[in-house]
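Notes for the one structure printed next.
The values are calculated or read from the model by the stated rules, or taken from the named source; none is laboratory data. The structure displayed is predicted, hence computed values, not measured ones. Positions of Cβ are generated from backbone atoms using ideal geometry, with glycine treated the same way; all protein chains shown enter the neighbour counts. Please note that ligands, DNA and RNA were not included when accessible areas were found on the heavy atoms of the full protein model with its side chains. Shrake-Rupley method; radii C 1.70, N 1.55, O 1.52, S 1.80 Å.
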Amino acid sequence: MEADATRAAFDVDAYAAAAYAQGKSLEDLQTELSGQLQRVRRSLYSLINERYEDFLGLSTSLTGIDTTIEDIRQPLAGIKQGIEHVHEELQSKLEYMDSRLAYRTQLREKKLLLRVFIDLSQLLDRVAMVLEEAEETGDAEEYVKCLERAAVDLSQIRYFAKKGEDHPFVVNAQQRVAKIEQSLLDALGRFLSRCLADYANASDESTRLIAQGLRAYSALEEVEQAEAIIRKEMVQPYAERVFGAQPGRGMGLEPDKFAEMLRDILQFVETVGVPLAKGVDAQLASGATYHLGTRVFWREIATCMMEHLPLVFVPGMPDRFFKNYQTACEFAREFGGLFAFTGHLDGAPESEVLAADSTYIEFSRKWQLSAYFSIQKKLIIRVLDGEKGTSRSPEAGGSPAPPSNTRAPAVDQVALAQAKQGAGLLTDQATRAVWAMNRCWAPDVYLEPLASKCWQLTMQILMWYQQTADAAVRQLIQRNAAASGSQALESPDIDSLLHHVHDTYAMRTAALDQTRRACSIVPLLGEDTREYQTGVAASLESAVEQALLSLDATVRGAADYVAATIVSSSTGNLAAQLRRTTSQFRHTNRPPPADASAYVAKLFAPLSAIEAQIDKANRGDSSGEFVQALKRMLRERVCADISREFARASTDALATISKTEASLLRLRKSRGPSARADARADDQPVPPGTDLRGKVPDSDNDKIRRQVWLDAAKVAHMVGDYDAQPDREFASFVVMIRPLGI
C-alpha cells in the first residue's frame, strides 16, 4: 500500500476502495495513512540533509530570470500588434465581399421575379387565348381539352402569383387573374352540367367527358365545387322526388314505405352512381381524388332525407322508429357496399371515407336513440312496478289499447305468461324481472348502439329482483311467524316461500343464459379473437353472479325458516309421545317391545311432504341441481334438529323413569347402603350397572328403556336414509343408551 501511495498516478478512490475490500475500517485507514505521512516527511528531511548544497542553490539559480523574460516580452508585443492589424484588414475585405454577394443575390432574385412576371403574363395571355379557342370549337371533347389546358395553366398562374404576391405587378394582375379564373370555372360548370344532363345510359363517352372535366377541377383544386355541381344536377332532383313527396315530414312514416323509398334510392345509386364513380376513377390521373359515393351521392341523399323527413328520426312510435332505424342502418351498409370497389388513388377505402364523413356522422346522431331507449325503459319499469297492461288472446289476434298516460304500448299479459312458462318461474316478481331482462335484448327492441345502456338496465333489473325477492321472503316469514307446528307448515305461505326459493335459482340461470345470448349479439370493439370474447363473457357473467350474490342469504334464510317449521311440527308433541310410551308399559303387563314406536316413523313425514312440494314446484324433476341443493340444505338442518330434540326429550324421559324407580325403592325399604346407592342414581338416564344387552326386559322400566333404544335406533337409521348427519347430542345419547339395546 505504501508503494502505491508514492506513485505519481496515485488514485485516492481506488486506494480507499482497495482498503475497504480488505476489511479495513476508516479508523484503520486513517491510522495507516498518518503513519505513512510521518514516513514520507522523514524521507524528505533525510533527502534535504543529504543534498543540502543543492537545496540552498535553488534561489541563486533563478537570479536574472526577470530580465530575460522582459527581453522576450517586447518582441512578442510587436508581433501581436501586427497580427491585429492584418486581422482588421481581412475583416474589412470580408465585409466588402459579403455586401457584393448580397447585391448579386438581390439581382438574381429580381431576375427570377422578372422571369416569373414574364411567364405570368404569357400564361395569362395563353389562358385567355385557350378560353377563346374553346368557345369557338363545337366539339365537346376538344372543348373540354381546352378547358383542361387552361386549368393547368391557371394552376401555374396561381403558383407564380403567390411567389410575388406583394409586388405591384402581381397586385395589378390579380383582377385579370380573378376574371380569367371565374370565366374558366363558369365554363367548366356549364360543361359539367351539360354532360350530367346528357348522362343517361352511362356510356363510355359521357363518362370520359365528365372525368376530363373533373380533372380540370382537380387541377384548379376546386374538387368541392365539382362535387357540388354533381350533387345539384344529378342527385338532388331524384332525392327531392323520393323524399319530398312524403307528407307530414316523416311523422308516423310506415316502415314498409320507408324501406321502399330507400330501395328506390339504392337502385338509383346502383344504376347511375356506381358506373359514374367507376368510370371517373378509371379516367382520373394520378393525384386527382374523387369519392363520389360519399361526398356526392351520400351527402346529398342524407341531407335531403334529414331536411324532408326530420320526424322519422324521432321515436314517437317506438315500433316504427325501431324498424325505420334498422332499415336505415341496412341502407347505409348496402350503400357502402356498392362503392367497395378498389381504385381510389389516395388509397382510402370508401367505407373509411363514409364512416369519417361529417354528413354520415350527423345522420347517425340524428336518430334519437336515447329517447327511444327511455321509452322502452319506462315500459320495462312499468312492468316491474306491476302494471301489466291489457291482455290479448293470441287466437283472437287483437291488439291491446295503450294506456292514455303513456306513448309506450301496453304490456301483453300473454308475453308475461310465456316468459313465466319458458323460464319455469313460480312468482310474479321473478316473472316480471325475466320478462324485463329479456325485453332489453329482444330482437324488436335492442339496437346495437344501445348495448351499454342495455347492460346497465339489465344490472338494475337484477338488483331490483334481488331487493324485491328478499323483501317478499322476509314478509312471508314475518306473516307466518304467529302460526306454529303443523298449522304453520300447512300455511300457503310455506308454498310461497318455496316458490321464491325456486325462482332465485331459476332467475340466476335465466340471467346467465341471457348474458351469454347478449354477448353473442353485442359487437366487441378492438379484438375479435375467441379468447377475448370468452374473457368478456366471463367478466359479464361474474358481474351477474355478483349482483345476485345476496340472494344466497335470502335462500338460506327461507330454508332455515322452513326447516325450523318442519322441526317444530315434527317434535312439537315429542314429550307427549314419550309419556304415551311410558304409559303403554306401566302396569300393563305388555310383552317387551321389538320394534320402534309408530310415532318415530312420522317424525320425518313433514320433511317428505316439503320435498314433494319442492319436486312439484320444479315440475316433478327431482334430479335438478337446485332441487338437490335445496333438499340437502333442508335435510341437514332438519335431521340435525330432530335428532337433537329427540335426544333431549328421551334423556328427560329416561331420567324421569330413573327418579320414579328410585322413589318407589325408597318407599319399600328403609334407608341403607343400597338405598343410598340408588339415591345417587336418581338423575341418571341409564342407572349405573344397567345392561340389557342379550337380555329380555322383565320390569316395566326396562321395557320402557328398551323401547327408547329401539326408537333412537330407528331415528338414526332414518337420518342415514336421508344421507344426513345427526346432531352431536344425539350421537352422545346413542352411546349413552347402548347398554339398553338388544
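Which one is modelled with the lowest pLDDT among residues in the range 336-362 that are of a type in the set (S, T, Y) and either in a helix (DSSP H, G or I) or open to solvent by less than 40 Å² (accessible area, probe 1.4 Å) (or both)?
Going through the qualifying residues, I end up with S351.
State which residue pairs qualify: first residue open to solvent by 80 Å² or more (accessible area, probe 1.4 Å) and inside the range 688-701, second residue not acidic (D, E) in any location, beta carbons under 6 Å apart, and separation of 6 or more residues or different chains.
Close Cβ pairs (under 6 Å, with a partner that is not acidic (D, E)) amount to P688/A681; R693/G741; V696/P592.
May I ask you to list the residues in the range 674-714 that are at pLDDT 85 or above and polar (S, T, N, Q)?
Those that are at pLDDT 85 or above and polar (S, T, N, Q): S699, N701, Q707.
Say whether the condition of being under 24 Å from K366 (Cα atoms) and either of a type in the set (S, T, Y) or modelled with pLDDT under 80 (or both) is met by at least one residue in the range 231-238. Let's see the steps before the verdict.
As a first pass, look at the range 231-238 and keep what is under 24 Å from K366 (Cα atoms): 231-232, 235-238.
Filter again for either of a type in the set (S, T, Y) or modelled with pLDDT under 80 (or both), leaving 238.
Within the range 231-238, one or more residues are under 24 Å from K366 (Cα atoms) and either of a type in the set (S, T, Y) or modelled with pLDDT under 80 (or both).
Checking the conditions here, which among N589, N573 is at positive phi and without any contact (Cβ under 8 Å) to a residue 40 or more places away in the chain?
Numbers: N573 fails: at positive phi.
After applying the criteria, what remains is N589.
If you scan the range 242-287, which residues turn out to be within 23 Å of Q212 (Cα to Cα), open to solvent by 40 Å² or more (accessible area, probe 1.4 Å) and either polar (S, T, N, Q) or not in a helix (DSSP H, G or I) (or both)?
T271, Q283, A285, S286, G287
On the given criteria, is S452 under 18 Å from the mean Cα position of the chain (by Cα) and either small (G, A, S) or open to solvent by less than 20 Å² (accessible area, probe 1.4 Å) (or both)? Before you say what the answer is, go through the steps one by one.
Details: under 18 Å from the mean Cα position of the chain (by Cα): yes; either small (G, A, S) or open to solvent by less than 20 Å² (accessible area, probe 1.4 Å) (or both): yes.
Considered against the rule, which asks whether it is under 18 Å from the mean Cα position of the chain (by Cα) and either small (G, A, S) or open to solvent by less than 20 Å² (accessible area, probe 1.4 Å) (or both), S452 comes out as yes.
Return yes when Q413 is open to solvent by 50 Å² or more (accessible area, probe 1.4 Å) and at pLDDT below 90 and no when it is not. Steps first, please.
Working: open to solvent by 50 Å² or more (accessible area, probe 1.4 Å): yes; at pLDDT below 90: yes.
Taking the combined requirement at face value, the residue satisfies it.
Could you check the range 564-621 and list, in sequence order, the residues that are part of a helix (DSSP H, G or I), open to solvent by 60 Å² or more (accessible area, probe 1.4 Å) and of a type in the set (D, E, K, R)?
Of everything in the range 564-621, those that are part of a helix (DSSP H, G or I), open to solvent by 60 Å² or more (accessible area, probe 1.4 Å) and of a type in the set (D, E, K, R) turn out to be R579, R580, K616.
Answer yes or no as to whether A239 is touching a residue at least 40 places away in the same chain (Cβ under 8 Å), among the aliphatic types (A, V, I, L, M), within 18 Å of D281 (Cβ to Cβ) and in a helix (DSSP H, G or I).
no
Take the conditions open to solvent by less than 10 Å² (accessible area, probe 1.4 Å), within 21 Å of F243 (Cα to Cα) and touching a residue at least 24 places away in the same chain (Cβ under 8 Å) and apply them to M317. Does it pass?
No.
For the range 458-476, give me the residue count where each residue is among the aliphatic types (A, V, I, L, M), within 16 Å of L540 (Cβ to Cβ) and open to solvent by less than 10 Å² (accessible area, probe 1.4 Å).
The number of residues fulfilling the criteria is 2.
Is it the case, given these coordinates, that Q225 is of a type in the set (S, T, N, Q), assigned to a helix (DSSP H, G or I) and modelled with pLDDT of 75 or more? Full working, then the answer.
Details: of a type in the set (S, T, N, Q): yes; assigned to a helix (DSSP H, G or I): yes; modelled with pLDDT of 75 or more: yes.
Yes.
Restricting the first residue to the range 46-67 and requiring it to be surrounded by 10 or more Cβ atoms within 10 Å (Cβ to Cβ), which pairs with a second residue that is aliphatic (A, V, I, L, M) and modelled with pLDDT of 70 or more meet a Cβ separation below 8 Å and a spacing of at least six or different chains?
Matching pairs, first to second residue: F55/I48.
Of the residues that make up the range 171-187, is at least one surrounded by 14 or more Cβ atoms within 10 Å (Cβ to Cβ), modelled with pLDDT of 65 or more and of a type in the set (S, T, N, Q)? Reasoning before the result, please.
From the range 171-187, those surrounded by 14 or more Cβ atoms within 10 Å (Cβ to Cβ) are 173, 176-177, 180-181, 183-185, 187; that's our starting set.
Narrowing the set further to residues that are modelled with pLDDT of 65 or more leaves 176-177, 180-181, 183-185, 187.
Filter once more, keeping what is of a type in the set (S, T, N, Q): 183.
Yes, the range 171-187 contains at least one residue that is surrounded by 14 or more Cβ atoms within 10 Å (Cβ to Cβ), modelled with pLDDT of 65 or more and of a type in the set (S, T, N, Q).
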